[in-house]
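*Asks:* Below is one structure. I have some questions about it.
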Amino acid sequence: MLNNKNITLHAPLEGPLLPLDQVPDPVFAGGSLGNGIAIDPLNDCLQAPCAGTVIHLAKTLHALTLRADNGAEILMHIGLDSVQLQGRGFEALVANGERVERGQPLIRFDLDLVAQHCTSLITVIILSNSSDYRLLPRTTRSVTLGAPLLDVIPNADLGTVKAASTGETVRASARVAHHGGLHARPAALLRQTAQGFSSHAELHFNGQVAALNSLVAIMGLGVGEQDEVDIVCSGADSAAALQALVAAVSTATVGEQHAAPTVSSLSKPVANLEPGILNGVCASPGLASGPLARLDAIRLPQDSGGHPPGPQHQALDDALASVKRAIEADLQQLQQGDAAAIFAAHLALLDDPSLVDAARQRIDQGTAASHAWSQAIDAQCAILKALDKPLLAERANDLQDLQQRVLRALLGETRELDLPPSAIIVAHELTPSDLLLLDQHAVAGLCMVAGGATSHVAILARARGLPCLVALGTDLMNLQAGQVLVVDADQARLETAPDAERLAQVAQLRQQHQQRRAEQQAAAQSSAQTRDGRLIEVAANVASAAEAAQALRQGADGVGLLRTEFLFVDRHTAPDEQEQRGAYQAVLDAMADRPVIIRTIDVGGDKQLDYLPLPHEANPVLGLRGIRLGQLRPELLDQQLRALLQVSPQRRCRIMLPMVSEVDELLAIRQRLDHLAAELGISQRAELGVMIEVPAAALLAERLAEHADFFSIGTNDLSQYTLAMDRDHAGLAARVDALHPALLRLIELTCQGAARHGRWVGVCGALASDPLATAVLVGLGVSELSVSAPQVGEIKARVRQLDSRECRTFSQQLLGLSSARAVRQACQDFAVRPTHPRHSPLSTEQ
Ligand code: PEP
Ligand code: MG
């Protein structure tokens, strides 16, 4: 219960005092957050100045607000600009909502770290609802811990105590770094960030405003990648909210796991001129045939209106709650990954005030809950579709999903599908929850009138290996249920009248494909040797212990690349040594007796972390990323190396350094490992290897091989840096081809350098997963291929078809070619040649 009594605040820290207007920060000094006082602290633990309740503990742990029993709200902000430490150096000793007594320790902090990394250690103590109280200082020079500091006297003429102050309004501009702009997932991230603060936050763009508590309002602004937006925050913690939101807007999240098809397949569909053929866009590749089954959306009859609002509001509440429960249940099954992220965004949309308020307004005017909800969604979809931003327009599909789910809940409809085996599902536009439903049936393919290749449905279809065509046009709806179709997603065509011969051919091709996969899978557990007996280790690229376990089941001989970023992303603080050690050990344990190559953290460039704000760089891909980060944040790398040195057995653990460009970088880490191992009293030491992913490393391979235990070639970055083409550039995707002869020459140099010192060379970039490249890589001297786990069987099968001496001759010939296209063509010819060709496979080269 709040009372209206005077209280005394006792010094939460000890040290010299400063009047607020002398604090070197205009936000505090201007008094816009309230009246108070500042202490330049000499001790490292903030304690409660009075009894009360913790009403806000900043996520970054640098600030806390306590509500005293008389309603006074006391904000204590440790250090200036300390939010940028993102929690590093702060330890919360209490939790939000906790009742505390005077003198109780609240936050412990690292004095040195804050002093070194922030503008100042000065800590302000502010009454954030000052207008309701008078403050009388008890002392002005310096205080000892717990000494009386300020008297807080409620203004006599105020009958009630207000809950919070409005505080100052602050504003900043930021450029949107999120791929595709502020679509559902980045918008959800902004909303989540804003929720961490009590201030009201808005996004201003193109003369429009969206409150940051509304996903649809954010998406409705139509903000694209690289657009500049204004963020406006007002309230008690507006400065901190603004900083966090600017970071959230201007930091790209790590990309989707399942890449969209390449540019050519994303192009507009070809006009339907051929009889029996509908042209579309490939959203997920593959070939399938089967009977058409329609998945229709609910269509509502006309609403007569005049419904009393009370029961309609209740019906909407019940339906929203039931859909929320259903999504939460789905999320528990899905754990992590793309699908989970999609449904988490759906959950946030269901809470969206813009949507729900729009529906409620309609209900208040006498509209039925079903129609009110449906119309509110249609209105938002129309806004998104009008934005002329394909990625945002496709997010309307997520809204339609929720429209249908809530409608079904309102109408009491359950969804039980009666589908023929191998059905080809036809719909105007499928939604993510449709795909979850279809998981329970043996569906062969998906076809949609509308939709796009970057929609959430497309991502889910690719993850399931389901051929999927989108943008087939309204003619699709004229087809009859049961009619047999062929989905040739690779050619972006739907065959609506296949004859018996074509169906037999498709069935045969599918059967051959499935048989081949089954055979490859059956042989995947054995090692892969070329016909002349050269052993090629086929390992897997993984990002977690669960993926490692799956890779082992798929026959991986080891882990060729554990991208440790998985541990560092999507969180607010870095994992500590113990958490890292546990996670790395789990991967080793998941791989039975097989080796695991663990790459040290490779952030920077396209991979950014919330709590590791890196200096702004004009060209981050050429900036502080990979091993260079160790120069900026050595303690982060030391912590990871210590964790790695403590996993066991060390002989199965191999440490790999990303983005090495000179020998000194390797030597420095070797010395650091020796030092840390000595500190930890560890004698056994993991091998230390180097990623070859910048041309400098390939050119210096011989020198690096003197000190490295092994090499692994990162062809993704090696292509980017050799060809000077952004690996994520949509328009250049087809040209960033690691089979470029310049790259082959660098791979050759790397293998030669390694061989001089008896080191082995692997490839862990995407080229290793391309069966067309296996012969070339084996021929150039690579002895380990680290591939995506589902491809282990296929790559092992390819190795077994090869003769390493033929591969050697073949790869030498490729070095003389002049383009990636010519190399690819030669590789195709080599793949289909008789086993002992009489003619050179390169005879077609011009
Ligand atoms: C590479 O660059 O090829 C590589 C494997 O590393 P990443 O894709 O994680 O940058
Ligand atoms: Mg790389």
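The values are calculated or read from the model by the stated rules, or taken from the named source; none is laboratory data. Given the structure is predicted, the values throughout are model-derived calculations rather than measurements. Cβ sites come from the backbone with ideal geometry, for glycine too, and all protein chains shown count toward neighbours. We work out accessible area using only protein heavy atoms, side chains counted, and drop any ligands, DNA or RNA first. Shrake-Rupley method; radii C 1.70, N 1.55, O 1.52, S 1.80 Å.
Results for (1) open to solvent by 40 Å² or more (accessible area, probe 1.4 Å); (2) in a helix (DSSP H, G or I); (3) within 16 Å of ligand 2 (Cβ to nearest atom); (4) in contact with a helix residue (DSSP H, G or I) (Cβ under 6 Å, 6 or more places away or on another chain), shown as yes or no for each residue.
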residue	(1), (2), (3), (4)
Leu637	no, yes, no, yes
Ala643	no, yes, no, yes
Ser661	no, no, yes, yes
Glu665	no, yes, yes, yes
Ala668	yes, yes, no, no
His675	yes, yes, no, no
Gln684	yes, no, no, yes
Ala698	no, yes, yes, yes
Asp717	no, yes, yes, no
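*Asks:* Inspect segment 6-20 for any residue being more than 22 Å from Arg134 (Cα to Cα), outside the structural domain of Gly196 (by the TED database) and not in a loop (DSSP other than H, G, I, E, B) and give the result as yes or no.
*Replies:* Looking for residues that are more than 22 Å from Arg134 (Cα to Cα), outside the structural domain of Gly196 (by the TED database) and not in a loop (DSSP other than H, G, I, E, B), one finds at least one in segment 6-20, hence yes.
*Asks:* Additional query: Filter segment 599-613 for residues that are charged (D, E, K, R), within 15 Å of ligand 1 (Cβ to nearest atom) and open to solvent by 10 Å² or more (accessible area, probe 1.4 Å); which is modelled with the highest pLDDT? Give the steps one after another, and end with the answer.
*Replies:* Just the residues of segment 599-613 that are charged (D, E, K, R), to begin with: 599, 602, 606-607, 610.
When the remaining residues are screened for being within 15 Å of ligand 1 (Cβ to nearest atom), the result is 599, 602, 606-607.
After this cut, where a residue has to be open to solvent by 10 Å² or more (accessible area, probe 1.4 Å) as well, the list is 606-607.
On the way: Asp606: 55, Lys607: 62.
Among residues in segment 599-613 that are charged (D, E, K, R), within 15 Å of ligand 1 (Cβ to nearest atom) and open to solvent by 10 Å² or more (accessible area, probe 1.4 Å), the one modelled with the highest pLDDT is Lys607.
*Asks:* Here is a follow-up. Given the options Ala643, Ala677, Ala686, name the one that is in contact with a Phe, Trp or Tyr (Cβ under 7 Å, 6 or more places away or on another chain) and either among the β-branched types (Val, Ile, Thr) or closer than 23 Å to Asp576 by Cβ (or both).
*Replies:* Being in contact with a Phe, Trp or Tyr (Cβ under 7 Å, 6 or more places away or on another chain) and either among the β-branched types (Val, Ile, Thr) or closer than 23 Å to Asp576 by Cβ (or both) holds for just one of Ala643, Ala677, Ala686, which is Ala643.
*Asks:* Next up: Answer with yes or no whether Arg727 is within 16 Å of ligand 1 (Cβ to nearest atom), open to solvent by 40 Å² or more (accessible area, probe 1.4 Å) and assigned to a loop (DSSP other than H, G, I, E, B).
*Replies:* yes
*Asks:* Follow-up. Among the residues of segment 396-435, count how many are open to solvent by less than 10 Å² (accessible area, probe 1.4 Å) and basic (Lys, Arg).
*Replies:* 0
*Asks:* I would also like to ask the following. Before we move on, is Arg703 in the same structural domain as Ile747 (by the TED database), more than 16 Å from ligand 1 (Cβ to nearest atom), within 23 Å of Arg745 (Cβ to Cβ) and not in a helix (DSSP H, G or I)?
*Replies:* So Arg703 does not fit the description; no.
*Asks:* Can you tell me which residue is modelled with the highest pLDDT among those in segment 790-823 that are outside any loop (DSSP other than H, G, I, E, B) and more than 22 Å from Thr530 (Cβ to Cβ)? Break it down stepwise before answering.
*Replies:* First, the residues of segment 790-823 that are outside any loop (DSSP other than H, G, I, E, B): 790-801, 804-814, 820-823.
Remaining after also requiring more than 22 Å from Thr530 (Cβ to Cβ): 790, 820-822.
Details: Pro790: 83, Ala820: 93, Arg821: 91, Ala822: 96.
Only one residue fits best here, namely Ala822.
*Asks:* Also, quick follow-up: Name the one entry in Glu784, Glu794, Glu806 that is touching a residue at least 40 places away in the same chain (Cβ under 8 Å) and open to solvent by 40 Å² or more (accessible area, probe 1.4 Å).
*Replies:* Details: Glu784 fails: open to solvent by 40 Å² or more (accessible area, probe 1.4 Å); Glu806 fails: touching a residue at least 40 places away in the same chain (Cβ under 8 Å).
Of Glu784, Glu794, Glu806, the one residue that is touching a residue at least 40 places away in the same chain (Cβ under 8 Å) and open to solvent by 40 Å² or more (accessible area, probe 1.4 Å) is Glu794.
*Asks:* Restricted to segment 555-598, and to residues that are within 13 Å of ligand 1 (Cβ to nearest atom), in contact (Cβ under 8 Å) with a residue 24 or more places away in the chain and open to solvent by 20 Å² or more (accessible area, probe 1.4 Å), which residue is farthest from Ala543 (Cα to Cα)?
*Replies:* Val569
*Asks:* Among the numbered criteria (1) touching a Ser or Thr at 6+ places or on another chain (Cβ under 9 Å); (2) open to solvent by 20 Å² or more (accessible area, probe 1.4 Å); (3) within 15 Å of ligand 2 (Cβ to nearest atom), which single criterion is violated by Val621?
*Replies:* (1)
*Asks:* Among the candidates Leu113, Leu150, which residue alone is part of a strand (DSSP E or B), at pLDDT 80 or above and open to solvent by less than 60 Å² (accessible area, probe 1.4 Å)? Working first, answer last.
*Replies:* On the way: Leu113 fails: part of a strand (DSSP E or B).
None of the other options fit; the residue is Leu150.
*Asks:* Residue by residue through segment 42-57, note down the ones that are within 16 Å of His77 (Cβ to Cβ), open to solvent by less than 30 Å² (accessible area, probe 1.4 Å) and modelled with pLDDT of 90 or more.
*Replies:* Answer for segment 42-57, where residues must be within 16 Å of His77 (Cβ to Cβ), open to solvent by less than 30 Å² (accessible area, probe 1.4 Å) and modelled with pLDDT of 90 or more: Cys45, Leu46, Ala48, Pro49.
*Asks:* Evaluate the following for Ala754: is it part of a loop (DSSP other than H, G, I, E, B), touching a residue at least 40 places away in the same chain (Cβ under 8 Å) and away from ligand 1 (no atom under 16 Å from the Cβ)?
*Replies:* no
*Asks:* Moving on. So, of the residues in segment 768-781 that are open to solvent by 10 Å² or more (accessible area, probe 1.4 Å) and either among the small types (Gly, Ala, Ser) or within 16 Å of ligand 2 (Cβ to nearest atom) (or both), which turns out to be modelled with the lowest pLDDT?
*Replies:* Our first condition is that a residue be open to solvent by 10 Å² or more (accessible area, probe 1.4 Å); within segment 768-781, this holds for 769-772, 781.
Still in the running and either among the small types (Gly, Ala, Ser) or within 16 Å of ligand 2 (Cβ to nearest atom) (or both): 769, 781.
On the way: Ser769: 87, Gly781: 98.
Checked segment 768-781; the qualifying residue modelled with the lowest pLDDT is Ser769.
*Asks:* Right, here's the next one. Please find, within segment 632-661, the residue that is modelled with the lowest pLDDT out of those that are more than 12 Å from Leu688 (Cα to Cα) and of a type in the set (A, V, I, L, M).
*Replies:* The residue in question is Leu632.
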